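Beneath this line is the structure, given in structure tokens, with notes to follow.
The values are calculated or read from the model by the stated rules, or taken from the named source; none is laboratory data. Bear in mind the structure is a predicted one, so any value in this text is a computation, not a measurement. Counting neighbours? That spans all protein chains shown, and the Cβs are built from the backbone with ideal geometry, glycine included. Heads up: the accessible areas ignore ligands, DNA and RNA and are worked out on the full protein's heavy atoms, side chains in. Shrake-Rupley method; radii C 1.70, N 1.55, O 1.52, S 1.80 Å.
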Amino acid sequence: RPAVAALTTTDSATVAPYGSRLVGTPLIMTDPDMSNPANYVNEYIANADYNYTPGVYGSNMTWGSPTDPKIVYCDAGTSGTVKFAGEIQGWGILVVRGNLELAGTFGFVGLVIVYQNGTIDDSFSMSTGTPRIIGAVFVAGGNGSSFNMKGNGQVVYSSDALIIASHMGKLQAYRILSWYE
């Protein structure tokens, strides 16, 4: 699976310089049919275990575990940034509306979604230190949205991490048990 999927070849070119920090096959894939996170992100927000507003947060924070993943929601607003720096570990789903900056020894296993509604731009940045995401990152925004990796940040695709995130008990799950006409 690709480490990063982008909607357009222009978006793919924006991510390409960070190829040495991405792990997946291929490293970057262009997929114009990717789903819009607005179609499902409201369910994640409604079920969030942790909520953050614009600001800097850090040091000795833990969100869940491999057997008890959590949903973390950050509302950075239309022009703010949520920055996580220091020793932070998390499992599950991280949703950020607006700008996200990661630094220090931030580690997350699962799905990370950074998005913005309307035409406001958003950004995802691994600024300094050794932030690491195991799972997948989904960045969606208007023209000018950015993806930036500095320091020794790394994104590693993991289907196992995404399975953990997708099987959280609090999320709606539908399965047909039986049917009749």
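Here N36 does not fit the description of being at pLDDT 80 or above and open to solvent by 80 Å² or more (accessible area, probe 1.4 Å).
D122 meets the conditions (1) at pLDDT 80 or above; (2) of a type in the set (D, E, K, R); (3) farther than 16 Å from P66 by Cα in every case but one. The failed one is (1). Look at segment 40-51: where a residue is surrounded by 12 or more Cβ atoms within 10 Å (Cβ to Cβ) and a partner is of a type in the set (D, E, K, R) and at pLDDT below 90, sitting 6+ places away or on another chain with Cβ atoms under 9 Å, you get V41/R97; I45/R97; N47/K170; D49/K170. Listed conditions (1) surrounded by fewer than 16 Cβ atoms within 10 Å (Cβ to Cβ); (2) β-branched (V, I, T); (3) modelled with pLDDT of 80 or more are all met by T128, apart from (3). Is it the case that segment 152-164 has a residue that's modelled with pLDDT under 70 and either among the polar types (S, T, N, Q) or surrounded by fewer than 21 Cβ atoms within 10 Å (Cβ to Cβ) (or both)? No, every residue in segment 152-164 fails to be modelled with pLDDT under 70 and either among the polar types (S, T, N, Q) or surrounded by fewer than 21 Cβ atoms within 10 Å (Cβ to Cβ) (or both). Of everything in segment 67-114 that is within 15 Å of the chain's Cα centre (by Cα), under 17 Å from P54 (Cα atoms) and open to solvent by 10 Å² or more (accessible area, probe 1.4 Å), the residue that is modelled with the highest pLDDT is Y73. Taking the stated definitions as given, is T62 at pLDDT 95 or above, open to solvent by 30 Å² or more (accessible area, probe 1.4 Å), of a type in the set (S, T, Y) and within 24 Å of S159 (Cα to Cα)? When the stated conditions are applied, T62 passes them.
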